[in-house]
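The values are calculated or read from the model by the stated rules, or taken from the named source; none is laboratory data. On a predicted model such as this, the values are computed, not experimentally measured, just so you know. With ideal geometry, Cβ positions are generated from the backbone for all residues, glycine too; neighbour counts draw on all protein chains shown. Just the protein is used for accessible areas: all its heavy atoms, side chains included, with ligands, DNA and RNA removed. Shrake-Rupley method; radii C 1.70, N 1.55, O 1.52, S 1.80 Å.
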Amino acid sequence: MKLVFATNNLNKLSEIQSLVPEEIEILSLKDIDCNEELPETKFTLEGNALDKATYVFENYGYNCFADDTGLEIDALNGEPGVYSARYAGENSVAEDNMTLVLQKLEGITQRTCIFRTVIALVIDGNITLFEGSCSGVIKETRSGVKGFGYDPIFMPIGFKKTFAEMSQNEKGSISHRGKAVKKLVEFLDSI
Ligand code: IMP
């Protein structure tokens, strides 16, 4: 089976490729000659994931899935949430976003948070949603160089290291995206 994963994020693509069985061939947006920035204008993870997957299915004709992820920090009333990619401003990069989170949490000891991923799958026009989450705490400083995004400051509950200090396989076995992908693969096996 061929499925497009609607992302331009090479880290996500690599994570997903390591999580799905070989029978499912994952195509990137580049593989289908889609060089556009996909719409991400909704106020929910579900809405954004659905928009991206539907856009590719309708405009390129491929069965497709897309994800949207948010980091919800309890002491910040769930921020950055659906705005995680652009928390420090429209053109912000991961470093800026982490710096802002660390600034906002300065002096705060209650640092619990949750990463939430929603995957929207469109097969022959039929839509299915899958969700995965991972609870953790925001560290006071960055640790590790692997992964991407907020990984250097996110320490999953039950671990003494951040996502950025884990191998891709270790992160995938406990992460929000890993759990959502597991549900996606189980669903694909069942149809
Ligand atoms: P997206 O909209 O799903 O691409 O992700 C929103 C933001 O969350 C981006 O800034 C990503 O870097 C960040 N993000 C998504 N997944 C992860 C992850 O697994 N670890 C750390 N940051 C992530």
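Below, the figures for the structure above:
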| quantity | calculated |
| --- | --- |
| Simple label model, 7 Å out from Cα along Cβ direction - N169 to S190, nm | 2.8 nm |
| Over the chain: helical MRE at 222 nm, DSSP H runs n ≥ 4 each giving -39500 (n - 2.57), nearest 500 | -9500 deg cm²/dmol |
| Degrees separating the helix 176-190 axis from the principal Cα axis of the chain, which is the longest one | 20 degrees |
| Angle between the chain longest axis and helix 10-19 axis [Cα atoms, degrees, rounded to 10] | 70 degrees |
| Per DSSP, loop chymotrypsin sites (Phe, Trp or Tyr not before Pro) in the range 40-125 with at most 10 further Cβ within 10 Å | F43 |
| Percent carbon-and-sulfur accessible area, the chain, ignoring ligands, DNA and RNA, probe 1.4 Å | 50 percent |
| Low-density loop positions, trypsin sites (Lys or Arg not before Pro), the range 58-119 - DSSP coil, at most 15 other Cβ in 10 Å | none |
| Computed E for E22/S133 - FRET, C-beta separation, R0 25 angstrom, nearest 0.05 | 0.40 |
| Above-threshold pairs, the threshold being 18 Å between Cα atoms, out of K12/K179; K12/K171; K139/K179; K160/K183 | K139/K179; K160/K183 |
| Solvent-accessible area per residue for the chain (1.4 angstrom probe, square angstrom) | 50 Å² |
| For the range 99-191, size of Cβ-based charge dipole, Lys and Arg +1, Asp and Glu -1, in debye | 320 debye |
| Most to least packed among 32-38, 72-78, 161-167, 46-52 [average Cβ atoms within 10 Å] | 46-52, 161-167, 72-78, 32-38 |
| Shape category assigned to the chain from the gyration tensor of Cα positions, a/c cut at 1.5 | prolate |
| The chain: angle of helix 45-60 to the longest principal axis, Cα-based, in degrees nearest 10 | 30 degrees |
